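Each remark here refers to the structure printed beneath this line.
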Amino acid sequence: MSHSENCIFCKIAAGAIPSRKVYEDDDLFAFHDIHPWAPVHFLIIPKLHIPSMAQVGPEHAALLGRMMVLAPRLAVEQGCNPYPAGGFRTVINTGEEGGQEVHHLHMHVIGGPRPWLKG
């Protein structure tokens with residue numbers, strides 16, 4: 001598996017930097033965001049170092065599919081209410097102009113009960 005020595009997310013996935021782990025398997029790692037935007041906010045990353053969505057190719061299709069399938073399950077496990085009454089948001093920033101701060105592909109999963117949104 002390809003890693004970048006200077007990548008903070010590669011170091012987190014390898015266990016060299018501590019994190020609040022949500023999930024791990026051979027290919028994916030999920031952990032809580034250190035600056036959450038909502039009651040539930042975690043990241044799903046591939047352990048393979050892919051700098052951004054701009055570098056994704058056909059060889060990554062299965063990996064990205066697994067990330068998308070994993071997101072709803074983990075969202076509910078972490079406290080998001082199930083669809084359709086509840087839900088969550090997924091965000092993948094790409095490149096500097098797309099707001100990407102860490103150049104390792106990552107999906108934000110954001111949601112959870114927010115009583116201030118109810119009328």
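Values quoted throughout were computed directly from the atomic coordinates according to the rules given, and no laboratory measurement underlies them. The structure displayed is predicted, hence computed values, not measured ones. Here the Cβ is made from the backbone with ideal geometry for all residues, glycine too, and neighbour counts use every protein chain on show.
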Dipole magnitude (debye, nearest 20) for segment 1-113, charges at Cβ of Lys, Arg, Asp, Glu: 300 debye
Return a whole-number percent for the relative contact order of the chain, with Cα pairs under 8 Å and 6 or more residues apart as the contact set. 29 percent
Give, as ranges by residue number, the residues of segment 1-41 whose backbone N falls under 19 Å from the point 7 Å along Cα→Cβ of VAL91. 9, 30-41
GluC sites (Glu not before Pro) within segment 35-104, DSSP loop, no more than 16 other Cβ atoms inside 10 Å: GLU101
Centroid-to-centroid separation of segment 55-91 and segment 1-47 [C-alpha atoms, Å]: 15 Å
Between GLU101 and VAL76, 0.36 nm times their residue separation minus their Cα-Cα distance comes to what? 6.4 nm
List SER4, SER52 from most exposed to least, where exposure is judged by having the fewest other Cβ atoms within 10 Å. SER4, SER52
If I model a spin label at ALA14 and ASP26 as a point 7 Å from the Cα along the Cα→Cβ vector, what separation in nanometres do I get? 2.1 nm
How big is the Cα convex hull of the chain in projection, averaged over all directions, in nm²? 8.1 nm²
